[in-house]
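Encoded as structure tokens, the structure appears first; notes follow it.
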Amino acid sequence: MDCSEELQCVSEEPSAQMELKKGMSIFIDILRRADKNDDGKLSFDEFKAYFSDGVLTAEELKELFHTIDTHNTDNVDTDELCEYFSQHLGEYENVLAALEDLNMSILKAMDKTKKDYQESTHLEQFVTRFLLKETTNQLHSLQSSLECAMETTAEQTRQEKQGPLKPEVLSIQWSGRRSNRRLQRNSSLSPNNPLLSLVNSGVYDEDGQWMIQVNRLQKLIDRLEQKHILIVQRQLSVLEEELEEFRLALRQYMECACAQTGCLHIAVQRLANESRFILYEFWEHNNVWKNHLQTNYSKTFQRGNVDFLETPEAITTMLVPGKNIH
């Protein structure tokens, strides 16, 4: 079964038990995927396997399970899932409703493409391919933003529970009005970003930003004196026509990376008159960096670089103080 047929099955599944509100059909799909023994309900083990996010403890998951299980059957069904989450959706009620419409629109478009593409002219086929590519790009961009928000919120909750200090975010210094407009347009990704605050308030200047960098570097040096850390240097040669999209992807990547426990500092330099960037990442140790490479936001950045870069990026790692660990 391909993805369109699977989505069609979900959209056509009967809802005899209740009349679902717009956007709530996602919970039919959630229960279907989480219900490993196909008995139409979730045991606690099935619930825990699907809903565990690495943040809630087993006890907290158990409490949540019994809160949702209003029928007191030691199982959770679709009615109970919908009843619980419908009370907590907030703005995401509109998001889920829009996703439901989007799924149906994409299914209809895919169905028409399957029927008509082969008989279309070369120009019409080009337009179809172009629209498919651009739709995919838009969906990837949305996915990247959502993954970044997901990683950041999970990390913030871990920090609140564990109590460590949050690594300081070193903002990227973009140049030019066009870049500032892009930053302002995307401020929803990080409304408290210090660079955005400076840009929007009109007090951003090189001298002030230089002092901020010096202060942060001094703090980093203090930490360097206390432990071995991993320094990662990444050299990226960007296609000229992809510069704007690369900058946005890089900014999102840095925001997510800087929020991770174990990330000490990240800085970026663009070489003068070139489309070449050097990224410096400072991590508490090698294993933290390796775990970072497996996160969704890191993998998204790597996938994007396939299109953005002229040549594969060059990565050098060094343990400080210590020897090279390429």
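Among the listed pairs K41/K62; K62/K161; K108/K133; K41/K108, a Cα-Cα separation exceeding 20 Å is found for K41/K108. Along segment 69-80 the Karplus relation, 6.51 cos²θ - 1.76 cosθ + 1.60 evaluated at θ = phi - 60°, assigns HN-Hα couplings of 6, 5, 7, 6, 10, 6, 9, 10, 10, 4, 4, 5 Hz to successive residues, with x for each Gly and Pro.
Extension gain for the segment V306 to I106, taken as residue separation times 0.36 nm less the Cα-Cα distance, is 69.4 nm to one decimal. Per residue, the accessible area of segment 251-323 comes to 47 Å², computed with a 1.4 Å probe over protein heavy atoms only.
The length gained on full extension between S141 and A98, counted as 0.36 nm times the residue separation minus their Cα-Cα distance, comes to 13.8 nm. When the charge dipole of segment 45-166 is built from unit charges on Cβ atoms (+1 for Lys and Arg, -1 for Asp and Glu) and taken about the Cα centre, the candidate among C82, L56, L139 whose Cα reaches farthest toward its positive end is L139.
Expressed as a whole percentage, what fraction of the accessible surface of segment 47-117 belongs to carbon and sulfur atoms when a 1.4 Å probe is rolled over the protein heavy atoms?
On the way: 2450 of 4580 Å².
It is 53 percent, rounded to a whole number.
Might you tell me the accessible area per residue for segment 52-97, computed with a 1.4 Å probe and given in Å²?
60 Å²
Model label points for T316 and L243, set 7 angstrom from Cα along the Cα-to-Cβ axis, are 2.5 nm apart.
The values are calculated or read from the model by the stated rules, or taken from the named source; none is laboratory data. Since the model is a prediction, treat every value here as computed from it, not as a measurement. Positions of Cβ are backbone-derived with ideal geometry, glycine not excepted, and every protein chain shown enters the neighbour counts. To get the accessible areas, we keep the full protein, side chains included, count just its heavy atoms, and leave off ligands, DNA and RNA. Shrake-Rupley method; radii C 1.70, N 1.55, O 1.52, S 1.80 Å.
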